């Protein structure tokens, strides 16, 4: 049953008005959930860490952002050399996430982690992805990088299939020199995702604030951009260690010097040999 307005036109009943508000709310929720997919994946990943940390895995997380770009990574060792890998990046037109499982291969201080996963996000179709990480850390140098390639075409939902592309991402690739608690070096990245299709290069600086936390600053160009963020590292304490390394560390912590120094070399010497 409706009602009559002062102008003489027939209005809508209260339940019709309520129904229209419910439909509008559902449409908004559908649009919002479409945009929030990558962020939801990050939240789920963080919750997974909080549960899995009880099993003492190694965890590496990093997030860097500017006013036009955001990127975050999360790598967690789960079983032996199997890792759960999550990568997020966002621009003015894309919010995308990539989750994968990868296996670590090590040679001295160099490690490489090939993997397979799935890419998803706002404005793109879900597609299988190949991923690759690497990490090199010595006394003087620190380098890492990330590459992801979609195996199927990922296209914006509002675009025609003629404009579909195979997405490619190179993110957080750098070579840095260590100077005390600081790191400084060059970085490069490449994004091929919808409208974005360009190489960027620049400088990266990092400062270790505490044992597990680093402050990160990046300057990239063309289209000059400043970014800032944090990195978190938590090594597994349950990993089997060389007995000689443990003995050398105990001697260092006890502060034994003099003639005993030549008998028990430093912990860093053993770490260099044992990897």
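If each residue of separation counts as 0.36 nm, what is the full-extension length gain between residue 109 and residue 147 once their alpha-carbon separation is subtracted? Let's see the in-between values first.
Details: separation 38, 0.36 × 38 = 13.68 nm, distance 1.99 nm.
Additional length available on full extension: 11.7 nm.
Here the label points at residue 164 and residue 230, each 7 Å from Cα along the C-beta direction, are separated by 4.1 nm in the simple model. Taking each residue as 0.36 nm, the span from residue 210 to residue 101 lengthens on full extension beyond its C-alpha to C-alpha distance by 36.3 nm. Take the Cβ atoms of residue 66 and residue 139, set R0 to 30 Å, and the FRET efficiency comes out at 0.45.
Counted by neighbouring Cβ atoms within 10 Å, the residues 85, 67, 95 run from fewest to most as 67, 95, 85. Counted by neighbouring Cβ atoms within 10 Å, the residues 124, 64 run from fewest to most as 64, 124.
Our estimate of slack between residue 192 and residue 221, defined as 0.36 nm per intervening residue step minus the Cα-Cα distance, is 8.8 nm.
Sorting 76, 226 from the fewest to the most surrounding beta carbons within 10 angstrom yields 226, 76. Computed log10 I(q)/I(0) for the stretch 70-180 at 0.12, 0.16 Å⁻¹: -0.47, -0.76, from the Debye equation with unit scatterers placed on every C-alpha and solvent omitted.
No value in this document is a laboratory result; all are computed from the given coordinates. Owing to the predicted nature of the structure, the values given are computational and were not obtained by experimental measurement. Every residue, glycine as well, gets a Cβ built from its backbone with ideal geometry; the counts of neighbours run over all protein chains shown.
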